[in-house]
Amino acid sequence: MLKSLDAKLAAIHADPHGCREFILADAKDADMAFGVAAPGLSPEQHAGEQRFKTLAEYRDQIRQIVRSELVDIMLMSASTSEQLALVERLFDNSPVTPAARANDTTDIHVLRGGRVHLDGSYPFRTASLDHIQCGHLDCPPEERGRGANLGLYSITFNNDPERDRVALEHFRAFREEAERKGFRYFLEVFDPNVQGAVRPDRLGGFINDAISRTLAGVARAGRPLFLKIVYHGPQAMEELVRFDPHLVVGILGGSAGTTRDAFQLLHDAKKYGGRVALFGRKINNAENQLAFVNFLRLIADGQLEPEEGVRAYHAVLQRLQIPPHRPLETDLQITDGSMSYAGTTTTSLPPAATNPPAPATPEATVPTPLVRIPAASGSSPSAPPPTPAAATATTTAPSRSPSNNPDFARMTPAERLAYHQQRLNRMLGQG
């Protein structure tokens, strides 16, 4: 099936300056960083102890989001990718592209009581490309496309000549292996995980220079599909995009923060040239992940503004009788977001508006969700009356390719909205 990622990348490269396509990924690879804690806290109350969701629950959430088709990429650990892509064949008839974390540098080894992530990053790789591609070593060529054929490779520059040299040598070895095996990748560049490695006011320029210098020696066959980096503000984003418009820049989400943090980060990254957002904890810690991702998609496609999205999201939670983590007035605030797995590095997001937040809007006038969202209990409440935008979207037939698959590159935002709504309705048995 035509993958939306490939269609969008083709459209971006065909018109780097005018294309408004935006790629959205759910990063469900946190079990390679946080271990047992990766799925997040269980909603059950256990006096005197922390109880986490199980791996099975984590994978169920992945299945639900993949079936919604609201994201373009689902990033997983190699073991989860094997189960869902190879064993269950979840992605065979889906526009969503499966991806696996291809390496796990030591700065993401965040264990309860551990200290490894506090030291300067060392390169390390648990996963095998053959295992990701076909589930066993020494894949024959005809089996290399059976599993995931896209991976994330991560590198951390610490302004240390020896550590950075070793990291670059490991990156070169990975690129050569990936090219020989036909494995595609995107490149994650973390901020230094050592305090004081770079002056805060020079950090955006340091990362931009590290990326451009590193990739200058890489021919087209070995280059990443896109980048995943910390958002260092409009100037740093515009500088990198202007330097090479075919270097597709994506942003990582960092810590959960407020709902406004997530929505504003996506909105601003796109405004200043970003074309990809990969959110992990921001999605995983949401009160209702499917509703949260739905609003990320609408903001990415230009259907909603961030503040409007927060109000609409809270209206959905109220309708589903799900208690929000924060009151609406608090959730509308923009705060500093942590931009590393360990929570030790921060970056300043755009300041909050100088005007005080508007009072909470009565539910009857809050923008209504444009798709049906399942309740936490598994029930599926009826969709609210459509807004004018939703009514227009649902009457527009999505563009399709000659193979009768959705042609995401040719769809308007309204057509994509209609497609997502119809798909979710079918998934929930409501249409």
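The values are calculated or read from the model by the stated rules, or taken from the named source; none is laboratory data. Note that the coordinates shown come from a computational prediction; the quantities given were computed from them, not determined experimentally. Every residue, glycine among them, receives a Cβ derived from its backbone with ideal geometry; neighbour counts consider all protein chains shown.
Among the residues of the range 132-162, those that are in contact with a Cys (Cβ under 9 Å, 6 or more places away or on another chain) and surrounded by 14 or more Cβ atoms within 10 Å (Cβ to Cβ) comprise Gln133, Glu143, Arg144, Arg146, Gly147. Residues that are touching a residue at least 60 places away in the same chain (Cβ under 8 Å) and of a type in the set (A, V, I, L, M) within the range 267-298 comprise Val276, Ala277, Leu278, Ile283, Leu290, Ala291, Val293, Leu296, Leu298, listed in sequence order.
In the set Phe186, Phe171, Phe226, Phe190, only one residue is among the aromatic types (Phe, Trp, Tyr) and without any contact (Cβ under 8 Å) to a residue 60 or more places away in the chain; that residue is Phe171. Of the helices (runs of 4 or more DSSP H) that lie entirely inside the range 266-333, those containing 1 or more residues that are modelled with pLDDT of 95 or more and surrounded by fewer than 22 Cβ atoms within 10 Å (Cβ to Cβ) span 289-300, 306-319, 328-331. Scanning the range 267-288 for residues that are hydrophobic (A, V, I, L, M, F, W, C) and over 18 Å from Leu247 (Cα atoms) gives Phe279, Ile283, Ala286.
When only residues in the range 2-53 that are β-branched (Val, Ile, Thr) and out of contact with any His (no Cβ under 9 Å at 6 or more places or on another chain) count, which is nearest to Ala100 (Cα to Cα)? Selected residue: Ile23. For the range 334-348, taking the residues that are closer than 16 Å to Arg281 by Cα and among the small types (Gly, Ala, Ser), the one that is modelled with the lowest pLDDT is identified as Ser338.
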